[in-house]
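What follows draws every value from the coordinates through simple rules; no lab data is involved. Just so it is clear, the structure is predicted and the values come from calculations on it, not from any experiment. As a convention, Cβ positions derive from the backbone with ideal geometry for all residues, glycine included, and neighbour counts pool all protein chains shown.
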Amino acid sequence: MTLRLDSRIPPGPLAEKWNRHRFEMKLVNPANKRKHTVIIVGSGLAGGAAAATMSELGYNVKCFCFQDSPRRAHSIAAQGGINAAKNYQNDGDSIYRLFYDTIKGGDFRSREGNVYRLAELSVNIIDQCVAQGVPFAREYGGLLSNRSFGGAQVSRTFYARGQTGQQLLLGAYQALERQIARGGVKMFPRTEMLDLVVIDGKARGIVTRDLVTGAIESHAAEAVVLATGGYGNVYYLSTNAQGSNATAIWRAYKRGAAFANPCFTQIHPTCIPVTGEHQSKLTLMSESLRNDGRVWVPKKAGDKRDPRQIPENERDYFLERKYPAFGNLAPRDIASRAAKEVCDEGRGVGPSGLGVFLDFADAIKRLGRAVIEERYGNLFEMYERITDENPYEVPMRIYPAVHYTMGGLWVDYNLMGTIDGLHVTGEANFSDHGANRLGASALMQGLADGYFIIPSTIGNYLASSKLEKVDASHPAFKAAEGEVAATTRKLLSIDGKRTVSSFHRELGKIMWEYCGMSRNEAGLRTALKKIPELRAEFWRDVNVPGSDAELNQALEKAGRVADFLELGELMCLDALHRTESCGAHFREESQTPDGEALRDDEKFAYVAAWQYAGEGKIPILNKEPLVFENVKLSQRSYK
Ligand SMILES: Cc1cc2nc3c(=O)[nH]c(=O)nc-3n(C[C@H](O)[C@H](O)[C@H](O)COP(=O)(O)OP(=O)(O)OC[C@H]3O[C@@H](n4cnc5c(N)ncnc54)[C@H](O)[C@@H]3O)c2cc1C
């Protein structure tokens, strides 16, 4: 049976939808809030902000993370900045412009209502964070400073050097710690959610494993929020933290939550190139660097000269040449494909030939080294430590790498999934970014979800739902605990010959080759054959040492890789069915004469929401049509 996907976008003019909705939503009486328990899985920007705010409002919150402290969530890695339509630069920005840039940047595959709300809330986020003491960069006169990010012609990105995520997370973390100390939030670090419990069609809790003792436990609540981040690590090599995984959302999918646009993956153009098989992680060089760095390759294929010896007229500043209006700040999907194209022509640089230069020589000449150091000092230092090359003197070498997942669990305007009571925020939901996220918009979305949207919409859910009293002794919890324990035992009992990482690496290679920067029918069909074979081998031959009654990182990883081995297949299925190109999803069969993504709005202006159909069965495709009342669908151009 297919699902009824009701996006619940409020009626009325775009600019009034959220306010009107907030007014029309039901409220929970302040004295009754403490009677409700809300589970929040994840303590990154999306989860940490939600947990602190819900507790501040008076709800009982249980918050979970797999790290030893909430402040180690992967959000801490975010470098470049956070967007907001403050128009401090007086350069023509507005809420509408941020809305439009985001819809266009996502190649018209996101909802107008959600995106407008995001742009509207962006301004409140900055105020909230400043009030918390987040040390955003400032101008000489004290005003907050801005820089530009890809896909925008205004400067609207607020930043704290190259550590914006860290500073924002410290803000959210302090707010969270205050509530932990107050007793409003009970924090469960080093605890991994391994199942969602659904009773009478409603999400009523989770089953967890204590990563230190191995104890499996149940937690009941009136509502569950998953803020568990993105699943880019399905590709093995990505800019994500090692621990980032899909387990929470994948297990929720298998309990009935629809998974939207799983194939929409962002490949970031500016990462340090891969150096060899030994690597388990890639490093991002923030997009903010493209404010001052110029991207180029030699005009001649196979030119291996020291870049400083290559004269100006023998260089191809290919982004400036191809996209004069946006230049080096062309959006990520477009900049990545352009880099791949010049490397495919044999003009790539560095030992592997899979690299392009990001050159600061002009900016240093124009602004002086001190200014560049002030703007990007920590990024330059990080680059030098990793590559042993000094980017003040030699151009950086960069290449695209997997970075962010626009896909995720389907949610309506209230951020509720297809299971009542299950809410999904931050990178874990399919979000507001369509087929391509603009830089500096993930932090904005996670914090809009956590600080401003979820606290209102969960109140509405609780006030308008009839929820029977349920506790962790309910048979549904016991059954889920049994399944979790059985899977854990099975992983340990196989006692095969291959490490978990070797399976993960092989899956990553399949995904990168066939479902990476560009995709075609034959390749996707190959992947759809290879992945189930690899999965079968995993369950036959994986080796997970140790026991389940202790800290066992191989066991943790095995569970996550088992889920990636299923999710990867769904991603390829989604990519195969969407025969158009849009944003980061580039189907080679669908391109314009000059090689840009060619959408097919007639056939594909919808969200693809996949529904689990059971073990070994093909998932069911549900479609949520996208309705555009305010913007005109057009060929995306940055020329
Ligand atoms: C290197 C890098 C730089 C970036 N820079 C920027 C930038 O400058 N601007 C921008 O806007 N975006 C940036 N992004 C993207 C942005 O950082 C992320 O999209 C965002 O921080 C995700 O936040 P989140 O709260 O959704 O998830 P996360 O911060 O990933 O948090 C996930 C949380 O869920 C928990 N969790 C996960 N699974 C489980 C489980 N099964 N059980 C229990 N807990 C679980 C984790 O412990 C963690 O607390 C960057 C991303 C990377 C990789």
query = Across the range 196-212, in residue order, what do the Karplus-derived ³J(HN,Hα) couplings come to in whole Hz, using 6.51 cos²θ - 1.76 cosθ + 1.60 with θ = phi - 60° and x for Gly and Pro?
reply = 10, 10, 10, 10, 6, x, 10, 5, 10, x, 9, 10, 10, 10, 6, 6, 9
task = Pairs of Cα atoms under 8 Å, at least six residues apart: use those to get the relative contact order of the chain, whole percent.
result = 20
inquiry  = Exceeding 22 Å between C-alpha atoms, which entries from my cross-link table qualify? They are LYS254/LYS281; LYS322/LYS632; LYS35/LYS186; LYS104/LYS603; LYS33/LYS86.
reply    = LYS254/LYS281; LYS322/LYS632; LYS33/LYS86
key: HN-Hα J in Hz across the range 484-499 - Karplus 6.51, -1.76, 1.60, θ = phi - 60°, x for Gly and Pro   = 4, 5, 5, 5, 4, 4, 4, 4, 6, 7, 4, 6, x, 10, 9, 6
message = For the chain, take the longest principal axis of its alpha carbons; what is the angle in degrees between that and the long axis of helix 553-577, to the nearest 10 within 0 to 90?
response = 70
task = Exposed loop GluC sites (Glu not before Pro) only (DSSP loop, at most 15 other Cβ atoms within 10 Å): please give the longest stretch of the chain free of them, not including the sites.
result = 1-138
remark   = Long-range amide H partners of ASP316, meaning residues 5 or more apart or on another chain whose placed amide H is closer than 5 Å, are VAL297, LYS299
inquiry  = What is the distance in Å between the Cα centroid of the range 376-426 and that of the range 556-588?
reply    = 18
query = In whole Å, how far is the Cα centre of the range 127-168 from that of the range 41-105?
reply = 13
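Can you sort ARG72, ARG321, ARG578 so the residue with the fewest Cβ neighbours within 10 Å comes first?
Ordered by Cβ neighbours within 10 Å, fewest first: ARG321, ARG72, ARG578.
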ask   = Using a simple charge model, +1 on the beta-carbon of Lys and Arg, -1 on the beta-carbon of Asp and Glu, nothing else, what dipole does the range 483-612 show about its Cα centre, in debye to the nearest 20?
value = 500
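How would the range 268-402 be classified by its alpha-carbon gyration tensor: rounded, prolate or oblate, with rounded meaning a/c under 1.5 and the a/b versus b/c comparison settling the rest?
Cα axes put the range 268-402 in the rounded bin.
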key: Difference of contour (0.36 nm per residue) and Cα-Cα distance, ARG489 to ILE618   = 43.7 nm
ask   = What ³J(HN,Hα) values, in whole Hz, does the Karplus curve 6.51 cos²θ - 1.76 cosθ + 1.60 give for the range 245-250 when θ = phi - 60°, with x put for Gly and Pro?
value = 7, 10, 3, 4, 6, 5
task = May I ask which residue of GLN591, PHE628, TYR612 lies farthest towards the positive end of the charge dipole of the range 586-628, with charges of +1 (Lys, Arg) and -1 (Asp, Glu) on Cβ and the Cα centre as origin?
result = TYR612
task = Within 10 Å of each residue's Cβ, count the other Cβ atoms and sort ASP127, ASP432, ASP210, ASP412 from fewest upward.
result = ASP127, ASP210, ASP412, ASP432
key: DSSP beta bridges in the chain [antiparallel fraction, %, rounded to 5]   = 70
note = Once the in-chain neighbours fewer than 8 apart are removed, the lysines whose Cα is under 23 Å from LYS304 read LYS340
task = Give the relative contact order (percent, whole number) for the range 35-168; include only Cα pairs under 8 Å separated by 6+ residues.
result = 28
note = With the 8 Å Cα cutoff and a minimum separation of six or more residues, the range 496-639 has a relative contact order in percent of 21
inquiry  = Using the crude model of +1 on Lys and Arg Cβ and -1 on Asp and Glu Cβ, and no other charge, please compute the dipole size for the chain relative to its Cα centre, in debye to 20.
reply    = 640
note = Helix 164-182: inclination vs the chain longest Cα principal axis, degrees, rounded to 10, gives 20
Where Rh is the Kirkwood radius over Cα pairs, Rg/Rh for the range 475-603 = 1.12
task = Search the structure for amide H atoms under 5 Å from the amide H of VAL402, placed 1.01 Å from N in the peptide plane, and list their residues when 5 or more places away or on another chain.
result = THR239, HIS268
